[in-house]
Amino acid sequence: MQQIPIQQHRASRPFHMMIKPVGSACNLDCGYCYYQDKDALLQQPGAKVMSPERLQRFTEQYLAAQPDGTPEVNFGWQGGEPTLAGLDFYRNAVKWQQHYNTRHLSISNAIQTNGSLLDDEWCHFFAEHNFLVGLSIDGPSELHDRQRPVKSGGSSFSQVRRAAQLLQQHQVEFNVLCVVTNVSLVDPIAVYNSIKQLGGRYIQFIPLVVPSPSSISVDELYNFDQDAECSVDAQGYGRFLSTIFDHWLEQDLGRVFVQQFDELIGALLGQPSASCIHAPACGRSLVIENNLSVFSCDHLVYPPYQLNGLEQQSLAELVDGDQQQRFERLKIEQLPPNCNSCRFKPLCNGGCPIHQSGEGTARRNYLCRGYQDFFGHALPYCQAIVRCMQQRLPLQHYRNFLDTSA
């Protein structure tokens, strides 16, 4: 493996890396997975575990590239199924983090998993090293197993249920990532309650927008297959969020945390968006594959968005390089024209660019109507909740601040 000397240059601003230690390798067969064909597309057949040497090199560069004053350096482990790398891989990861953290930066680790391989040993390790675990749960067993079967076609729900139990037994903090498909829209409350019943108190809903079957090149990524069985209907997604919001408001306010609701409240408080979806710009969350190839974004692991690898250039140079800087400007430059006159622009910022389609004045985010419906429904209540927070009142007093004149 050809290597370059480590440069002491640091990035101009903090940045985050999502790490794919096993590439697209996975032991489930999720029908909606956008990552299954990446090895062939990127001409990386037979994805393998990131080698110890590459893990060491990446860790050294990731920590060295962060500017002074970086509040936290997060190692985000994803897949595929990242636990296929084996527990020793993560023991080595923590070891190298400690070894190269010469500036005593705050380091955190997060891993997104289907939970199928978790056992007491894994959970003890997560607890010992304060890993935040993201558990993929799509709802009740019949829905979850329909969308997330094992390779043999069997159930994976029992595995994720056991994983949730183990994580709670070991007092490991975990959140739930739930993919929302058209099937999910049938009963939003059943989806929400099933996650709660498994112990999920931190929930992120991911709307599934399926590219059309012809979308192979990046130029065609913005053609969406609205007739795909699982592709979520935009207005249906808005109703899904609004229905759960009403239930959460009455039953779980202050006890369960849903990312979409928290981000709306945070935006009203003047806080920056915790995710790139509704941030004004994107580009500071990159992806590194098991072969040290670096890409601009997790949703755009395609050749046109591939930067040089760490074997050719330092990570700091890649992050601040011209190619990534152009990518960072895309969200602002390609903001749909209608967004500028939309009253929800400060909350939405056009959503994710990969969900945009059309040209010129017709350019629009596929989920726009859903976002508008949800923001329009939830905004008065969230404004009332913010008033409670500002006056240090119990959140349940939000009704006192609702405008009932309308």
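The values are calculated or read from the model by the stated rules, or taken from the named source; none is laboratory data. Owing to the predicted nature of the structure, the values given are computational and were not obtained by experimental measurement. Counting neighbours? That spans all protein chains shown, and the Cβs are built from the backbone with ideal geometry, glycine included.
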Kindly evaluate PHE327 against the criterion of being within 30 Å of ASN290 (Cα to Cα), outside any loop (DSSP other than H, G, I, E, B), among the aromatic types (Phe, Trp, Tyr) and touching a Gly at 6+ places or on another chain (Cβ under 7 Å). yes
From PRO188, PRO140, which residue is surrounded by fewer than 19 Cβ atoms within 10 Å (Cβ to Cβ) and touching a helix residue (DSSP H, G or I) at 6+ places or on another chain (Cβ under 9 Å)? PRO140
THR102 assigned to a loop (DSSP other than H, G, I, E, B) and modelled with pLDDT of 95 or more: yes
Among the numbered criteria (1) within 21 Å of the chain's Cα centre (by Cα); (2) at pLDDT below 95, which one does GLN259 miss? (2)
Of all residues in region 10-53 being assigned to a helix (DSSP H, G or I) and modelled with pLDDT under 95, the one that is surrounded by the most Cβ atoms within 10 Å (Cβ to Cβ): LYS38
Of all residues in region 185-206 being out of contact with any Leu (no Cβ under 9 Å at 6 or more places or on another chain) and among the charged types (D, E, K, R), which is farthest from ARG255 (Cα to Cα)? LYS196
Condition first: under 29 Å from GLU81 (Cα atoms), at pLDDT 90 or above and crowded, with 17+ Cβ neighbours inside 10 Å. Can you find one or more residues in region 339-352 that meet it? yes
With GLN334, GLN312, GLN306 as the choices, which residue is surrounded by fewer than 20 Cβ atoms within 10 Å (Cβ to Cβ) and touching a Phe, Trp or Tyr at 6+ places or on another chain (Cβ under 8 Å)? GLN306
In region 95-126, what residues are more than 18 Å from VAL22 (Cα to Cα) and either crowded, with 16+ Cβ neighbours inside 10 Å or within 22 Å of the chain's Cα centre (by Cα) (or both)? TRP96, GLN97, TYR100, LEU105, SER106, ILE107, SER108, CYS123, PHE125, PHE126
Exactly one of these conditions fails for VAL209: (1) farther than 18 Å from THR243 by Cα; (2) buried (at least 20 other Cβ atoms within 10 Å of the Cβ); (3) at pLDDT 95 or above; (4) not basic (Lys, Arg). Give me its number. (3)
